[in-house]
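Just below is one structure, and these are the notes that go with it.
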């Protein structure tokens, strides 16, 4: 569901200019007269161009585009499945696109998302190619530039457990990479395989009781990934990768909502250095704090100033340890920030806005957000 949510959220970036159109569907809410894209998003089907805007410090600023194809509109898919099963089903979506950034990073790919039998089953798959220019800090805590160039494949099939909010199913991923360090190599890694393949498969467990997948006010989302890389799956080496994340939203008053997040990741075996877990918090460069294990927690307070506008304040802490540092010796890093959202599609509960975040050592960043920052 995370992929569907993310793709749907980005639609609001494209549609803002349409809010002033004089013909076609209405882009204003008849109740309050404010800009609202609910009817357009709910009833659109066919090809849909979507812009991609990137502000991630790890790869720089950039953008791109994606062409989405909706076999049915959101409204049609929900109405059809609700009549058959009593449950609203998201639409079938296919997409093709790519992006590039100012540090030379680029990627392109295609995907397909297909709910089946009234959302009892969910298939998701993708294929693509990427060339990423990144920094590795490692044991020396110094940035060493490297290029990660590769092809990837992703397949997932989830089964709903009865009529519950739980999903479980297999996931398989394949990534073939070529790695090139610059003049300043990460000597603590020893000899790095220039060409390497990762074939990894395992079990995915999902739980989702959120009242809204875009910008929740109450409910919980949980996901666990139990995966292993083996030669018979196409991997150059054997290792295991485990991840668990949970988000919950608690309404404190009619206008205040508290969001809480906890996230843990670990890897073991003969794994490539770039697959190590890292601290993932707003305001901290992705991959900046990376080791065999990583854990982070974050809290976010949302104030709905008006029915359309919300203000956010958030803060978090994380730690990476295991290979280069013991848990007690590893640095605990903190980040904090503020942001705002505008309810751009009331019927979907879709809000868009900006987050501004600050991290350690003067790190700072801003993010264009569609709904919650926790995907």
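The values are calculated or read from the model by the stated rules, or taken from the named source; none is laboratory data. Predicted model, so just to flag it, every value in this text is computed and none were measured. Note that we place each Cβ from the backbone using ideal geometry, even for glycine, and neighbour counts take in every protein chain shown.
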Does segment 347-369 include one or more residues that are surrounded by 21 or more Cβ atoms within 10 Å (Cβ to Cβ), out of contact with any strand residue (DSSP E or B) (no Cβ under 7 Å at 6 or more places or on another chain) and assigned to a strand (DSSP E or B)? no
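So that you can scan it fast, the table gives a plain yes or no per residue for (1) touching a strand residue (DSSP E or B) at 6+ places or on another chain (Cβ under 8 Å); (2) surrounded by 17 or more Cβ atoms within 10 Å (Cβ to Cβ); (3) not in a loop (DSSP other than H, G, I, E, B):
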| residue | (1), (2), (3) |
| --- | --- |
| 298 | yes, yes, yes |
| 303 | yes, no, yes |
| 306 | no, no, no |
| 318 | yes, yes, yes |
Residue check for residue 163: surrounded by fewer than 18 Cβ atoms within 10 Å (Cβ to Cβ), farther than 28 Å from residue 46 by Cα and in contact with a strand residue (DSSP E or B) (Cβ under 6 Å, 6 or more places away or on another chain): no
From (1) more than 23 Å from residue 56 (Cβ to Cβ); (2) without any contact (Cβ under 8 Å) to a residue 40 or more places away in the chain; (3) part of a strand (DSSP E or B), pick out the condition that doesn't hold for residue 310. (2)
Please enumerate the residues belonging to segment 120-133 that are at pLDDT below 95 and surrounded by 19 or more Cβ atoms within 10 Å (Cβ to Cβ). 122
Across segment 330-346, the tally of residues that are in contact with a helix residue (DSSP H, G or I) (Cβ under 7 Å, 6 or more places away or on another chain), in contact (Cβ under 8 Å) with a residue 40 or more places away in the chain and in a strand (DSSP E or B) stands at 3
Got a sec? Which of 324, 374 is closer than 30 Å to residue 198 by Cβ and touching a helix residue (DSSP H, G or I) at 6+ places or on another chain (Cβ under 6 Å)? 324
Could you please find all residues in segment 187-214 being buried (at least 18 other Cβ atoms within 10 Å of the Cβ), in contact with a helix residue (DSSP H, G or I) (Cβ under 9 Å, 6 or more places away or on another chain) and not in a strand (DSSP E or B)? 213, 214
Positions within segment 323-335 being surrounded by fewer than 18 Cβ atoms within 10 Å (Cβ to Cβ) and modelled with pLDDT of 95 or more, in sequence order: 332, 334
